[in-house]
Amino acid sequence: MDVEFKIKRFDGEKSYWQTFNIPVKKGMTVLEGLYYIKENLDGSLAFRASCRMAICGSCAVKINGKPRLACETQILEIGNKLEIEPLDNFRVIKDLVTDFEGFFAKHESVKPYLIRKDDNYEEPVELIQSPKELYAYYDFTLCVKCGICYSVCPAAATRDDYLGPAAITAAYRFNADSRDEGEKTRLALVCGDNGVWRCHFAAECSEVCPKQIDPAKAVQKMRFKAAIEAIKSIFR
Amino acid sequence: MWQRWFTVKGRSLFSIAFSLHRLTGIVLTIYLCMHLAYLTSIRMGKEVFESFIATTVTPQFLIFDILLILAGVYHGVNGLRLIIHEFGLAYESRKSILYISVAIALIVWLIASYRMYVFVMGV
Ligand code: SF4
Ligand code: FES
């Protein structure tokens with residue numbers, strides 16, 4: 001069966017739509033379709049992918065208006081006409097490839113790693129954690145940094161420096177980890193007007209996250225903690 | 001930039017609720033300014049104020065009042081929904097809460113519109 005791939009392309013100057021017809025077998029993914037085009041029809045088509053198994057988060061694109069991971073979306077599940085565009089809220093570099101530098105910088109800025117006073121890499125000690133403590137943050141560890149949540153967020157759409165759902169979720173993931181001691185540091189990093197207070201709970205991030213992580217929940221939990229901390233600081 | 005508050009293509013009901021919240025917020029802000037200007041007219045004398053009232057509390061203006069009530073009720077009820085979630089509560093039931101809040105807004109709007117209709121038309 002032939003399926004139409006209408007792709008929004010960008011050559012650095014102008015953006016235009018190009019249509020390709022490709023033969024599709026049951027089970028074939030959108031990413032395989034893009035590889036088919038690149039290998040057989042137009043080698044200049046640019047897109048990003050790596051793991052092909054929804055782990056690396058590289059292949060997020062908009063398919064028929066909805067952002068998804070191309071490698072875990074089957075073509076025939078969508079239909080026989082596909083419109084593929086780069087993610088919103090990111091600068092397009094070429095075709096489907098968008099600039100993730102700012103997104104990763106925001107992620108890094110919330111210190112997404114364990115902060116401990118007794119860090120000792122020479123003689124590391126095992127940090128024991130109960131299953132209950134693990135489940136307090138486990139879901140949020142599943143984030144693949146695909147940027148899909150950021151691409152649909154109206155708060156990010158209207159302000160470039162908004163940290164965005166993924167970075168705040170990462171901050172929450174470490175704050176909720178019983179082994180971590182960096183809660184105050186991270187709260188200070190996310191409690192600005194470009195952080196948790198910028199979120200207006202459109203909750204679209206939770207609707208689209210391919211890992212069903214519920215980033216909106218993490219942002220609200222973080223916001224609640226930031227509010228408590230702000231109130232406490234008045235009495236200090 | 002701000003136009004992106006109103007992107008709803010391909011989005012879920014939550015984004016539509018967000019866009020409507022912004023839209024009704026803008027409408028209510030404009031209304032608030034007009035309302036304050038209107039009230040201030042009383043400083044120019046009772047007659048001026050009453051002539052304003054006579055122009056706007058009329059059947060021709062009823063449709064605007066009804067739309068305004070819709071904007072106000074939606075903004076208020078949706079705002080309460082957001083506050084519930086922002087207090088860290090009930091994210092898991094956010095879909096049902098969205099449906100319930102829209103239903104409450106519609107019911108309150110219909111009752112209020114009916115009462116205004118009765119008041120203005122004098123039926
Ligand atoms: S929270 Fe979900 S949508 Fe956002 S970057 Fe992580 S995996 Fe992607
Ligand atoms: S290619 Fe790695 S997530 Fe799709």
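The values are calculated or read from the model by the stated rules, or taken from the named source; none is laboratory data. Worth saying up front: this structure is predicted, and the values here are computed from it rather than measured. Neighbour counts are summed over all protein chains in view; Cβ atoms, including those assigned to glycine, are modelled from backbone coordinates with ideal geometry. Note: accessible area is taken over every heavy atom of the protein model, side chains too, but ligands, DNA and RNA are not part of it. Shrake-Rupley method; radii C 1.70, N 1.55, O 1.52, S 1.80 Å.
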Q: May I ask you to list the residues in the range A:1-24 that are without any contact (Cβ under 8 Å) to a residue 24 or more places away in the chain and not in a strand (DSSP E or B)?
A: A:Glu13, A:Lys14
Q. Of the residues A:Arg179, A:Arg223, A:Arg173, which single one is within 14 Å of chain B (Cβ to nearest Cβ) and either more than 16 Å from ligand 2 (Cβ to nearest atom) or in a loop (DSSP other than H, G, I, E, B) (or both)?
A. A:Arg223
Q | Complete set of residues in the range A:137-151 that are within 14 Å of chain B (Cβ to nearest Cβ) and either open to solvent by 60 Å² or more (accessible area, probe 1.4 Å) or at pLDDT below 95 (or both) | A | A:Asp139
Q: Determine, yes or no, whether A:Ser151 is within 9 Å of ligand 1 (Cβ to nearest atom) and of a type in the set (Ser, Thr, Tyr).
A: yes
(Q) Among the listed residues A:Glu101, A:Glu83, A:Glu122, identify the single one that is within 14 Å of another protein chain (Cβ to nearest Cβ) and either more than 16 Å from ligand 2 (Cβ to nearest atom) or among the aromatic types (Phe, Trp, Tyr) (or both). (A) A:Glu83
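Quick check on the range A:128-143. Is at least one of its residues touching a strand residue (DSSP E or B) at 6+ places or on another chain (Cβ under 8 Å) and within 16 Å of ligand 2 (Cβ to nearest atom)? Full working, then the answer.
Quick first cut of the range A:128-143, residues touching a strand residue (DSSP E or B) at 6+ places or on another chain (Cβ under 8 Å) only: none.
No, the conditions are met nowhere in the range A:128-143.
Quick check on the range A:42-80: of everything there that is near ligand 2 (Cβ under 10 Å from one of its atoms) and part of a helix (DSSP H, G or I), which residue is most open to solvent (accessible area, probe 1.4 Å)?
So, considering only residues that are near ligand 2 (Cβ under 10 Å from one of its atoms) and part of a helix (DSSP H, G or I), the one most open to solvent (accessible area, probe 1.4 Å) is A:Glu72.
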Q | Check on A:Arg68, more than 17 Å from A:Ala218 (Cβ to Cβ) and away from ligand 1 (no atom under 13 Å from the Cβ) | A | no
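Which residue out of A:Ile115, A:Ile84 is surrounded by 14 or more Cβ atoms within 10 Å (Cβ to Cβ), of a type in the set (Val, Ile, Thr) and part of a loop (DSSP other than H, G, I, E, B)?
None of the other options fit; the residue is A:Ile115.
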Q | In the range A:196-211, the residues that are modelled with pLDDT of 95 or more and away from chain B (no Cβ under 11 Å) | A | A:Cys209, A:Pro210, A:Lys211
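Please go through the range B:49-99 and pick out each residue that is among the hydroxyl-bearing types (Ser, Thr, Tyr), in a helix (DSSP H, G or I) and either open to solvent by 60 Å² or more (accessible area, probe 1.4 Å) or free of Cβ contacts under 8 Å to residues at least 24 places away in the same chain (or both). Working first, answer last.
As a first pass, look at the range B:49-99 and keep what is among the hydroxyl-bearing types (Ser, Thr, Tyr): B:51, B:55-56, B:58, B:74, B:91, B:93, B:96, B:99.
Next cut, in a helix (DSSP H, G or I) only: B:51, B:55-56, B:74, B:96, B:99.
Selection gives B:Ser51, B:Thr55, B:Thr56, B:Ser96, B:Tyr99.
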